[in-house]
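All remarks here apply to the structure that follows.
The values are calculated or read from the model by the stated rules, or taken from the named source; none is laboratory data. It should be emphasised that the depicted structure is a prediction, and the values quoted were computed from it without experimental measurement. Positions of Cβ are generated from backbone atoms using ideal geometry, with glycine treated the same way; all protein chains shown enter the neighbour counts.
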Amino acid sequence: MAIRNIQDVITSVKHKRNGEAKAALNILTSSVSGENISDRKRATKSLANILGVNSRTLQKGKNRTKVLHSEHSSFLYTTRKTRSDALTERTKRIVHDFWLQSNVSRPTNNKNDIKRVRISPNVYSSHSCYILEKTQTEVFLQFKNEYPDEKMGQRAFENASRILLLSSEGSSEVKLYESLSELVDDTLCTRSANTHQHKISCLDRLCSECGVCKFSMLPGELDESDVQISWERYEYKNVKVKETFPAHQFRAYWQSKQMKSLVENLPIGHCVTVHDFSENYKCTEQNEIQSTYFQKLEVSLHVTILHRHSVLEYDGKDSTEEEPNIVTEQFFVISPDQKHDHHYTHCVQNLVSEYLKSINCEISVMHEFTDGCSSQYKSRHCMGDVSYSCSDFGYAKILPNYFETSHARGPQDAAGGFIKKQADLAVIRGTHVIQSSSDLFDYAQSNLSTTADSSKCSRRIFRYVDSVNRDRDRNFLPVKENRKIHQVRSFDDGEIFVRKLSCYSCQSCIVGNYSTCMNDAQLGTYNKIKMVKESEHNDSNADSDNDEGVDDETNICDSVSKGTIFAVKADDTDCPYYILRASKDPIILRKTATDRWGASYHQGNKVIHGYYFNTIDNNPFKLKLSKRIPAIVPALSVI
């Protein structure tokens, strides 16, 4: 009877392919394969036929039987034999975390960029797809510099990334650069030995000893010979890539580095938030008619990544200066309001502040990181809101920081894509119906609040906003060159201090001693700006509204844009003017140009591209646009 029971259990277990079933099978085989049976081949074979397993399976139990008689008497002690030079679990974890660093790779914001791996029958593990910020060779060299004691080859290091790149062949004529960083370094002076950074004058192309002249190009790229090609339509675009890219690349690298340094050395009482608007979620149905495809309701989804010190009553762990414990959370705000402006972001900041107060997390200094979207985070009205944020939210100090343009991708994009992906799957599977913003909020709060144990995110918090209050007196006068500002500091109402770049790599700036910043020579100092509300400015100028004044002189050509119909003065006695329609905005010629009508214009002249109107039957009130031959006219001839 005992053998019959064991045979039934083995039959039901051996067809399963997960780890738990395999462990159970090993335990059963070791329990019936004693030392005498394992040594006697005939007895082992007979028992294998009775139990319905392979004889080699019973022979494996000999090793486990030895373990049971040793001092490590445990069914789970035996492990698979590995090579002596195999990678340890600690090394694998270090490599995995290194590949996920923000300066190495970033997750995509597309909800469909999800990698699924089957780990057992009907059990899958999914994660976001990542995009490399640099080549794999650069990542490997950086890894060896940070972890010189870890013995690992480049091939094994690259296999852990799950990212495949095609290699390119070399060139004997010109140097083939492996990355944009290497190309930029060749056009700049040598890095400073103290700061290991390029000089600001070199990055801004103000240095006479370096520049794009060091960049070698192919003869065909420098050939300025006239090629007999006739174009019916063409456009001019003024792109200053070689002149501005080094400084742009430096700012992108620097801002990401400062955020990483701040999170790793976050003082007690400080909090770091990363804000971003995810692409609106489009409500779908499992079975929808064709006409509803173009009439889907959209829902706003704002994502905030919170980095704070843990709270003992809420997180179960305490955080001190000697043993800091940083908690990462994802904070989502769902709303039917689709106007993403500074009023919306102020509402999100207020919800974050209320959440931190509800869990008794005392925050005195708030550090915010956002992209450079002018309407959402970086406009004059946004900076004006910052000047009053301390009194609005109860902080002692608030410091918004801005990533460089097109370099604000990160975990916040993957978090928003995950929510939308799970919502789509729930609708497709028929488990939930999501047809409004409240439906999305109810589904997310009830099903997506908890995270996996392996995730670096502790939890997801969801908030719902029915409408955003825009009846606020928070419109301000413009801030000069606000696009060049990457850090704002405020602690008094109506005043802000701005700097071109953030600094959290020196201990002085982290603790708030900005006067002793070690990077002042590289980043510059803070400039104080007084934020003036438009209502206050209008009141101060109310007495002078009726005074006589001289209007600013403006050229009439400045009102011409693409699609504008305008007239130009002509040297024709029969027709004193011509009528045209602009095909693009006015531009300044970078070189001499001649149109199809034979008119030539020199470099530096401001001209307008367009098409003439022809009269019909010599009637000046009947015109027809002639798109066959484009024309170029001087901007000063517009009347």
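Side notes on the structure shown:
- Qualifying residue in the stretch 577-590 (condition: without any contact (Cβ under 8 Å) to a residue 12 or more places away in the chain and either of a type outside the set (Asp, Glu) or part of a loop (DSSP other than H, G, I, E, B) (or both)): no
- Filtered residue count, the stretch 79-95, keeping only those that are in a loop (DSSP other than H, G, I, E, B), modelled with pLDDT of 80 or more and not polar (S, T, N, Q): 2
- Considering the conditions (1) surrounded by fewer than 21 Cβ atoms within 10 Å (Cβ to Cβ); (2) more than 30 Å from Glu362 (Cβ to Cβ); (3) of a type in the set (Val, Ile, Thr), Val299 is excluded by exactly one of them, (1).
- Selection from the stretch 354-376 of residues that are within 16 Å of the chain's Cα centre (by Cα) and surrounded by 21 or more Cβ atoms within 10 Å (Cβ to Cβ): Glu368, Phe369, Thr370, Asp371
- Exactly one residue out of Ser436, Ser454, Ser446 is farther than 30 Å from His381 by Cα, at pLDDT below 90, over 19 Å from the mean Cα position of the chain (by Cα) and surrounded by fewer than 16 Cβ atoms within 10 Å (Cβ to Cβ): that is Ser454.
- Hey, Val386 buried (at least 18 other Cβ atoms within 10 Å of the Cβ), more than 27 Å from Ile419 (Cβ to Cβ) and in contact with a Pro (Cβ under 8 Å, 6 or more places away or on another chain) or not: yes
- Test: residue in the stretch 553-560 that is more than 25 Å from Gln487 (Cβ to Cβ) and either at pLDDT 80 or above or in contact with an Asp or Glu (Cβ under 7 Å, 6 or more places away or on another chain) (or both): yes
- The stretch 328-429 holds helices (runs of 4 or more DSSP H) entirely within its bounds, and those carrying 2 or more residues that are among the aromatic types (Phe, Trp, Tyr) map to 342-358.
- Filtered residues of the stretch 556-571 (kept if assigned to a loop (DSSP other than H, G, I, E, B), among the hydroxyl-bearing types (Ser, Thr, Tyr) and without any contact (Cβ under 8 Å) to a residue 24 or more places away in the chain): Thr564
- Residue check, Ile268 modelled with pLDDT under 90 and among the β-branched types (Val, Ile, Thr): no
- Within the stretch 117-146, if we keep just the residues that are among the polar types (S, T, N, Q) and within 21 Å of Leu180 (Cα to Cα), the residue that is surrounded by the fewest Cβ atoms within 10 Å (Cβ to Cβ) turns out to be Asn145.
- Close pairs (8 angstrom Cβ cut-off, 6 or more residues apart or separate chains): surrounded by 22 or more Cβ atoms within 10 Å (Cβ to Cβ) in the stretch 404-419, in a helix (DSSP H, G or I) anywhere: Ile419/Ala444
- Residue, surrounded by the most Cβ atoms within 10 Å (Cβ to Cβ), within the stretch 524-538, restricted to residues that are modelled with pLDDT of 85 or more and under 28 Å from the mean Cα position of the chain (by Cα): Tyr526
- One residue from Asp574, Asp617, Asp595 being of a type in the set (Asp, Glu), free of Cβ contacts under 8 Å to residues at least 40 places away in the same chain and under 21 Å from Thr564 (Cα atoms): Asp595
- Residue match in the stretch 321-341 (condition: in contact with an Asp or Glu (Cβ under 6 Å, 6 or more places away or on another chain) and farther than 17 Å from Asp471 by Cα): yes
- In the stretch 369-411, the residues that are of a type in the set (A, V, I, L, M) and within 15 Å of Lys484 (Cα to Cα): Met383
- Residue check for Ser600: loosely packed, with under 13 Cβ neighbours inside 10 Å, closer than 29 Å to Lys480 by Cβ, among the hydroxyl-bearing types (Ser, Thr, Tyr) and modelled with pLDDT under 85: no
- Qualifying positions in the stretch 459-475 - among the acidic types (Asp, Glu) and touching a strand residue (DSSP E or B) at 6+ places or on another chain (Cβ under 9 Å): Asp466, Asp473
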